[in-house]
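**Q** Once you've had a glance at the structure underneath, I'll fire off some questions.
Where a number appears in this text, it was derived from the coordinates with a stated rule and is not lab data. Predicted model only: the values in this text are computed from it and were never measured. Note that each Cβ is placed from the backbone with ideal geometry, even for glycine, and that neighbours are counted across all protein chains shown.
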Amino acid sequence: MFWRNLIILGNFNLSVILGTIEINESKLTFQNTLSPLEISAPSSHPLPVITSINLNQSISSLESKESSAIIQIKDSHLNIQSLDQIWSSLYHPKPSIWSSSFKVRNSFHSKSWSLILDFNPTTVALQLPNSWSAALSCLLSSNSSSSSYFIQGSKSAGKSTMAFLLISSL
């Protein structure tokens, strides 16, 4: 099956077999993912979009010319879901952050992840505000090798998300 963008819910190990992909503003190739990357994407957080980056590669064995990356997704054996269920039941009787608030329809499933093929209002990819994109590009263009950054803002303004995006971009 061929997709240009993928959204995966859950915990999984990601390897790039061929080509280049982008996930959370980071470009990954076969060379820098020789060992699988452990990815956690709970439904309580913005889900990462995996995008294939076209590098004009010729893939003779595939019929689609638009496909420019091949990835491998395997189950994660971290069992983070179990820890959250124990914590939630003992201290905070609430639904687990790992249990989806929506039914994943028309999807491939595995033990620890689901490939999302059908969007609905609760399945939204992270949309960066223009001011964040401008700030990230400004910081990245400074080319300073030993920089320190201070991120401040009001409660629930997205400081952790901005820090995550900044670290992923460096």
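**Q** Tell me, LEU28, LEU139, LEU47 in order of fewest to most beta-carbon neighbours within 10 Å? Don't jump to the answer; show the numbers that get you there.
**A** Values: LEU28 20, LEU139 14, LEU47 17.
Ordered by Cβ neighbours within 10 Å, fewest first: LEU139, LEU47, LEU28.
**Q** Give the dimensionless ratio obtained when the Cα radius of gyration of region 128-170 is divided by 2.2 N^0.38 Å. If you can, show how the numbers build up before the last one.
**A** Values: Rg = 10.5 Å, N = 43, 2.2 N^0.38 = 9.2 Å.
Rounded to two decimals, the normalised Rg is 1.15.
**Q** Fewest first, what order do SER142, SER110, SER68, SER133 take by the number of other Cβ atoms within 10 Å? Spell out each step's value before the answer.
**A** Values: SER142 8, SER110 15, SER68 19, SER133 12.
Ascending Cβ contact count within 10 Å gives the list SER142, SER133, SER110, SER68.
**Q** With a point put 7 Å past each Cα toward its Cβ, work out how far LYS111 is from SER40 in nm, to one decimal.
**A** Taking the two extended label points, one gets 1.8 nm.
**Q** Then there is this: Filter the chymotrypsin sites (Phe, Trp or Tyr not before Pro) in region 131-163 down to the DSSP loop ones having no more than 15 other Cβ atoms within 10 Å, then list what survives.
**A** Those satisfying the criteria are TYR149, PHE150.
**Q** Residue by residue, what Karplus-based ³J(HN,Hα) values in Hz, rounded to whole numbers, does region 14-26 have, using 6.51, -1.76 and 1.60 with θ = phi - 60° and x for Gly and Pro?
**A** Whole-Hz 3J(HN,Hα) from phi for region 14-26: 10, 10, 8, 8, 8, x, 9, 10, 10, 9, 6, 6, 10.
**Q** For region 133-166 and region 1-54, what is the separation of their C-alpha centers, rounded to whole Å?
**A** 22 Å
**Q** Pull up all non-local amide H partners of ILE53: gap of 5 or more, or a different chain, and H-to-H distance under 5 Å with H placed in the peptide plane.
**A** THR20, ILE21, GLU22
**Q** Still on this structure, I have one more. What order do you get for VAL49, VAL16 when you list them from fewest to most C-beta neighbours inside 10 Å?
**A** Working: VAL49 14, VAL16 24.
Exposure proxy ranking, most exposed first: VAL49, VAL16.
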